1. For region 379-403, what are the residues that are in contact with a Leu (Cβ under 8 Å, 6 or more places away or on another chain), without any contact (Cβ under 8 Å) to a residue 40 or more places away in the chain and open to solvent by less than 40 Å² (accessible area, probe 1.4 Å)?
2. Residues that are in contact (Cβ under 8 Å) with a residue 24 or more places away in the chain, in contact with a Lys or Arg (Cβ under 9 Å, 6 or more places away or on another chain), open to solvent by less than 40 Å² (accessible area, probe 1.4 Å) and not in a helix (DSSP H, G or I): does region 268-282 have at least one?
3. Can you tell me which condition residue 319 does not meet? The list is (1) at pLDDT 90 or above; (2) surrounded by 19 or more Cβ atoms within 10 Å (Cβ to Cβ); (3) over 28 Å from the mean Cα position of the chain (by Cα); (4) closer than 26 Å to residue 381 by Cβ, and all the others hold.
4. If you scan region 241-267, which residues turn out to be of a type in the set (Ser, Thr, Tyr) and open to solvent by 20 Å² or more (accessible area, probe 1.4 Å)?
5. Given (1) in a helix (DSSP H, G or I); (2) under 12 Å from the mean Cα position of the chain (by Cα), identify the lone condition not met by residue 220.
6. Can you pull out every residue in region 592-609 that is at pLDDT 70 or above, in a loop (DSSP other than H, G, I, E, B) and open to solvent by less than 70 Å² (accessible area, probe 1.4 Å)?
7. So which of 200, 162, 175 ends up being among the polar types (S, T, N, Q), in a helix (DSSP H, G or I) and surrounded by fewer than 23 Cβ atoms within 10 Å (Cβ to Cβ)?
8. Among (1) open to solvent by 30 Å² or more (accessible area, probe 1.4 Å); (2) in contact with a Leu (Cβ under 7 Å, 6 or more places away or on another chain); (3) within 18 Å of residue 345 (Cα to Cα), where does residue 288 come up short?
Amino acid sequence: MGGRKNHCSSSVALPIKNIDCAYLFFRCFFILSIRFASDIALSTLTDTELIAEISPETEILIPLWTYCLICPPDTENQTEMEEAFESAQTLEDIFKAFEDMSSAFEEEDLCLAFLKASLDLNQEGDDNEKGLYERVLDFGNRALPILESGNKAPLPVAMTLNTMGAASYHLKKLNDSLGYLNRANRILIKLEEDGVNVDNVRHVLFAVLRELYKTNNAMGRTEEAIINLRRGLELQEKALGPESSEVAMSNRKLAQKYLEVMNFKDALPFCLKAIEIHTAQLGNNSVEVASDRGILGLIYSGLEEHEKATEQNELSKKILKNQGRHSDQLTVEIGAAAMQIALGRYDEALNILKDIAQRTDEENETPGTVFLLMAKVLCNQEKFADSKRYLEKAWGILDKKAIVSSELVEDMASSKLVVVAYMEISMLYETMNEFETAISPLEKCMAIVEKLPQLRPSKWCVSARIGRLLLLTGKATQALPYLESASEISQKCFGSKYIEVGYNYNNLGAAYLELDKPQSAAQMFSVAKDIMDASLGPHHADSIEACQNLSKAYGAMGSYTLAMEFQQRVIDEWESHGPSAGDEFKEAHRLFEQLKKKARGSSSDEVPKKALLLPRISEVSGIRNSRPNAQVSEK
C-alpha cells in the first residue's frame with residue numbers, strides 16, 4: 001500500500017486479485033471510518049489514489065472489524081443486491097435496497113448497510129414526516145448488539161451511538177439522545193487515552209461533541225454545552241490549525257454561550273481570539289469583525305468596563321453602517337439593551353431603546369422586540385400602566401407576524417421567534433398578576449406549534465404554562481388536561497428525571513388536590529419531590545415546597561401520621577436555612593400543630609388543601625439554567 005499508515009490495531013492480510021473487489025473493500029472502510037464520522041475530513045486519500053496503488057496481485061491490510069462485518073457475496077443475487085444498495089440515490093431506493101438485503105444477508109453483513117443508510121438519513125434534515133429517524137433508530141438497535149459483541153469494534157460502536165443520538169435529537173427524544181451520546185463519548189475518550197487510532201478517534205469525537213452540544217443546549221444544560229464546545233474547539237484547533245475560520249466561529253460561539261450564563265470573565269478571551277482571527281483573515285471592516293465587536297461590547301459592559309463597551313459598540317455600529325447592514329446594526333443595539341436589562345441597569349436600557357424608537361417609524365420599522373424590551377424595563381420598575389401600553393404595541397406587531405408564520409410552514413426561524421415573544425408577553429402579564437390576559441398569548445403560541453410539526457415538542461412548555469395560569473385563576477378542571485398533556489410530552493422529550501417535569505408534576509398534583517383527588521395528588525407530589533431532591537437537593541426551597549405539598553395531600557387523605565412526618569421534614573429544612581426563612585419556619589410549625597389536632601380528632605380546624613404552585617416555566621426554553629443537573633438515563 002505504498003507505506004500508507006494502518007489506522008486499526010488489529011488487521012488481516014487479504015490477497016486481492018480483482019481491482020473492483022479491492023475498491024469495494026476500501027469503499028466500505030471509508031463509509032464506516034471516514035465518511036460517517038464527521039464533517040471534518042479524516043483523510044485526503046481518494047478512491048482514485050486507492051485504485052492506482054493496487055496491482056492485480058496486491059496484498060492489502062484490512063482492519064479486522066471491517067473484514068468481519070463485510071464478507072464477499074456468496075451468490076450473484078447478493079452481488080446484485082449490494083450493487084443496488086451502493087448505487088441507491090433516493091431515500092426510497094435506499095429503503096428498498098436495504099429491505100431486499102435484509103432477506104438475503106446475515107445480520108452481521110447488514111451492519112455496513114445500517115451505517116450507510118443512517119448517514120444518508122441524517123443528511124436529509126428535518127423531514128420527520130417520512131419516519132426517517134425512526135428507521136435510523138431501528139437500524140441502530142439491530143446493528144449495535146452485533147458491533148458490541150466481543151467488544152471487537154469500539155470505534156464503529158461509537159459511530160453508531162452517535163448516529164442514534166443524532167436521530168433521537170431530531171425526534172425530540174433528548175434524554176435518549178444524551179444517553180447514546182454520553183456512551184459514545186466515554187468509548188472515544190478511552191480509545192484516545194489508550195492511543196488507539198488517535199486521529200480517527202478525534203474526528204469521530206468531534207462529531208459526538210457537536211451532537212452533545214446541540215442536545216445539552218436544547219435541554220437548557222448550558223454548563224454542559226459549554227464544556228462540549230470547549231472540548232470541540234480543542235479538537236478543531238488540532239485538526240484545522242488555531243487560525244482557521246472555523247476556529248474563529250467556534251471561539252465566537254463559546255463567548256456567546258458564556259454570555260448566556262453571565263460569565264463575562266471566561267467569555268472575554270474567546271471573543272478576543274475570534275476578533276484576532278477574523279481581522280487577520282478579513283480585515284478590520286468586515287461584518288464578521290463587527291459581529292465579534294458587538295459581543296465584546298456586551299462582555300465589557302458585564303465587566304463594568306463601560307468606556308471599552310461603548311468603544312466596541314460604536315466600532316461595531318460604524319462598520320455595519322458603512323456596509324449598509326442596518327438590520328444587523330439594530331440587532332447589536334437591541335442586544336446591548338437586553339444585556340443592560342439582564343444586569344439590572346434599567347435606565348441605561350431604556351435610553352438605548354428610546355433612541356432606536358426615535359430613529360425608526362413606530363408603525364412600520366420599529367421591531368416588536370424594542371417595545372417588548374421597553375415593557376420589560378417598565379415592568380421591572382413597577383410602572384405597570386406604561387408597561388402594558390408597550391406590550392399592546394409589541395402584541396399587535398406579533399399578531400401580524402403570527403399570521404404569516406402560520407401560513408408559511410417553512411419559515412421556522414420567524415415562527416420560533418414569534419413563539420418566544422408571545423411567551424415573554426405572557427410572562428410579563430403574569431408578573432403583573434394579569435393571569436387571564438397572560439393566557440391569551442399562550443393560546444396563540446399553541447395555535448402556531450400545532451400547525452408546525454417541527455415545533456410540536458414545544459407544546460409541553462406552552463401547555464404547562466397555560467395549566468398553571470388556569471390554576472391561578474381557580475379553574476382546576478380546565479387546567480388538568482393541559483398539565484397532563486405537558487407531563488406526557490415532556491417525559492418523552494426529557495425523561496422522568498428532568499427538573500421541569502418535576503415542576504409540572506407538582507402543579508398537576510395541585511390540580512388533583514383542588515379537585516378533591518388527594519391520592520392522585522400524593523402520587524404526583526411524591527414524583528415531583530424525588531425529581532427535585534435529585535436535581536436541586538433536599539435543602540432547595542422548591543424541594544421543601546414539594547415536601548410541604550406532599551404533607552397536605554396526606555392530610556387531605558386523613559393519613560395524619562404520614563402528613564406529620566413530611567411536615568416535620570419541612571420544619572427541619574426551613575430551620576437549616578436560618579433567620580432568612582423565619583416566616584416559612586413559623587408557617588410550617590403552624591401547619592404541624594394543625595395536623596396534630598386533626599390526628600387527635602379535632603374538627604375545629606380544616607387541613608389546608610391549597611397546594612403551592614412551583615416556579616414558572618422560563619421565557620425561552622422552559623429550563624432554569626442555574627439549577628444543578630438532573631439525572632439522565634443511559635441507553
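The values are calculated or read from the model by the stated rules, or taken from the named source; none is laboratory data. Keep in mind the model is a prediction, meaning the values are calculated, not measured. We place every Cβ from the backbone using ideal geometry, glycine too, and count neighbours over all the protein chains shown. Side chains included, ligands, DNA and RNA excluded: accessible areas come from the protein's heavy atoms. Shrake-Rupley method; radii C 1.70, N 1.55, O 1.52, S 1.80 Å.
1. 390, 391, 394
2. Checked region 268-282: no residue is in contact (Cβ under 8 Å) with a residue 24 or more places away in the chain, in contact with a Lys or Arg (Cβ under 9 Å, 6 or more places away or on another chain), open to solvent by less than 40 Å² (accessible area, probe 1.4 Å) and not in a helix (DSSP H, G or I).
3. (4)
4. Step one: of region 241-267, the residues of a type in the set (Ser, Thr, Tyr) are 244-245, 250, 258.
Selection gives 245, 250.
5. (1)
6. At the first step, the residues of region 592-609 found to be at pLDDT 70 or above are 592-602.
Checking which are in a loop (DSSP other than H, G, I, E, B) leaves us with 600-602.
601, 602, listed by residue number.
7. Working: 162 fails: surrounded by fewer than 23 Cβ atoms within 10 Å (Cβ to Cβ); 175 fails: surrounded by fewer than 23 Cβ atoms within 10 Å (Cβ to Cβ).
Sole residue among the options that is among the polar types (S, T, N, Q), in a helix (DSSP H, G or I) and surrounded by fewer than 23 Cβ atoms within 10 Å (Cβ to Cβ): 200.
8. Of everything listed in (1) open to solvent by 30 Å² or more (accessible area, probe 1.4 Å); (2) in contact with a Leu (Cβ under 7 Å, 6 or more places away or on another chain); (3) within 18 Å of residue 345 (Cα to Cα), residue 288 misses just condition (3).
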